[in-house]
Amino acid sequence: MKRLLCVALAAALVLCGCAADAWRAVEMREETVWAMDTVMDLKLWGKGAEEGIGQITAMLYALDEKWSVTRQESVLSRMNRGEDPALTPQDEDLLVRVEALSQRTGGAFNPWMHSVSAAWGFYGGNYRVPTQAQIDEALAQRQLDLGAALKGYAGQQAVELLEKLDMERGILTLGGNVQTYGEKPDGSPWNVGIQNPNGGVLGTLAVTGTASIVTSGSYQRYFEENGVRYHHILDPKTGYPADTGLTSVTVICRDGLTADALSTALFVMGLERGSDFWRESDDFEAVFLLTDGRIYATAGACLSGCEYEVISR
Ligand code: AMP
Ligand code: MG
């Protein structure tokens, strides 16, 4: 009996050892890069993780260079100067998709507000409250700014690269955006924290497989003048910071570009219009943090760690 137990124990140890070795054998690479004016953390598991990090970093730099609002020679700056820079089919596809998202959100997501953001000084950090005449003039211009959608698009591009490389799994933090890729070995979900603007984590979203989790928040960029706080998410109807009683909106969606555009759009729409928009849609979930601290989450969002009201269909 004793011997049998020993054999069983030895076998179990060997099995555990194999499992541990298999787990250790999975290549993991982590890298922090600076792109699109923010810190990005890339973490990949699988054979070729090193290659994956290299390809994603190159893609992030290329997108940044192409669509930067501050680089004078970016494709975007050249377009905004009325030049006609060469666009790849992929660039054209991006612009078509961005336009479709603007239409879908009734213009709440509007990628043509570069002049308005510039009038508020949101690009260089030279903040000021523009006059009504300056806002009206800026609203009349049609200048491209992909700041509300580019990081989400980058997440999606990263997923396509990882699929081609047949990578096992990964998690990318691209500024305020999180892009998950693949399944965890034990089948458990990814746990993605929503930032509490007052510090720490507001709540945790459980996400299975590949998804994009994007937060738009008034606390992410703002300035104060005469005791009034002005943030960077602008209402395209007024040209002023959207004032819909929200502090942040988080969107969970399989598609990164859509997640990013919708987080901005829902912030502009506010809780009520945003909830109706969700009811008419079937491709995303959302979490709304109100300025008074209340939290609302759509029925399919797997949120834990906080109290919240459920928005149902
Ligand atoms: P996000 O953090 O994704 O919500 O994007 C905010 C950024 O997008 C701002 O810093 C502006 O560059 C730009 N932006 C501001 N308001 C809008 C809007 N209503 N639609 C599209 N882009 C916007
Ligand atoms: Mg956005």
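Details
- Test: T180 is among the β-branched types (V, I, T), surrounded by 17 or more Cβ atoms within 10 Å (Cβ to Cβ), within 16 Å of ligand 1 (Cβ to nearest atom) and under 30 Å from T70 (Cα atoms): no
- Pair list, Cβ under 6 Å, 6 or more apart: the range 26-48 residue under 19 Å from T210 (Cβ atoms), other residue of a type in the set (D, E): R29/E50; L42/E31; K43/E30; W45/E168; G46/E168; K47/E27
- Residue satisfying all of: in the range 246-264; touching a Lys or Arg at 6+ places or on another chain (Cβ under 9 Å) and among the hydrophobic types (A, V, I, L, M, F, W, C); nearest to ligand 2 (Cβ to nearest atom) among these: A261
- Selection count where residues are closer than 17 Å to A62 by Cβ and more than 13 Å from the chain's Cα centre (by Cα), scope the range 166-184: 0
- Residue in the range 262-272 that is touching a Pro at 6+ places or on another chain (Cβ under 8 Å) and either of a type outside the set (S, T, N, Q) or away from ligand 1 (no atom under 13 Å from the Cβ) (or both) present: yes
- When L101, L146, L161 are checked against the criterion of being within 22 Å of T38 (Cα to Cα), in a helix (DSSP H, G or I) and at pLDDT 95 or above, a single residue qualifies: L161.
- Test set (1) within 15 Å of ligand 1 (Cβ to nearest atom); (2) closer than 30 Å to W120 by Cα; (3) touching a residue at least 60 places away in the same chain (Cβ under 8 Å); (4) not hydrophobic (A, V, I, L, M, F, W, C) - T244 fails condition number: (3)
- Residue satisfying condition, being of a type in the set (A, V, I, L, M) and closer than 20 Å to C253 by Cα, within set L63, L94: L94
- Qualifying residue in the range 48-67 (condition: among the polar types (S, T, N, Q), modelled with pLDDT of 95 or more and within 18 Å of G170 (Cβ to Cβ)): yes
- The range 37-63, residues that are surrounded by 19 or more Cβ atoms within 10 Å (Cβ to Cβ) and either in a loop (DSSP other than H, G, I, E, B) or not hydrophobic (A, V, I, L, M, F, W, C) (or both): G46, G52
- Flag for G203 being in a loop (DSSP other than H, G, I, E, B) and farther than 21 Å from R104 by Cα: no
- The range 205-227, residues that are under 20 Å from G256 (Cβ atoms) and away from ligand 2 (no atom under 16 Å from the Cβ): L205, A206, V207, T208, G209, T210
- When the range 140-150 is limited to residues that are of a type outside the set (S, T, N, Q) and touching a helix residue (DSSP H, G or I) at 6+ places or on another chain (Cβ under 6 Å), the one that is farthest from I56 (Cα to Cα) turns out to be L144.
- No other residue among S263, S248 is polar (S, T, N, Q) and in contact with a Gly (Cβ under 6 Å, 6 or more places away or on another chain) apart from S248.
- Within the range 104-139, the set of residues being in a loop (DSSP other than H, G, I, E, B), of a type in the set (S, T, N, Q) and in contact with a helix residue (DSSP H, G or I) (Cβ under 8 Å, 6 or more places away or on another chain) comprises T105, N110.
- Filter result for N126 (without any contact (Cβ under 8 Å) to a residue 24 or more places away in the chain and either among the β-branched types (V, I, T) or in contact with a Ser or Thr (Cβ under 6 Å, 6 or more places away or on another chain) (or both)): no
The values are calculated or read from the model by the stated rules, or taken from the named source; none is laboratory data. This one's a predicted model, so the numbers in the text were calculated from it and none came from an experiment. Glycine gets a Cβ as well: all are built from the backbone with ideal geometry, and neighbour counts include every protein chain shown.
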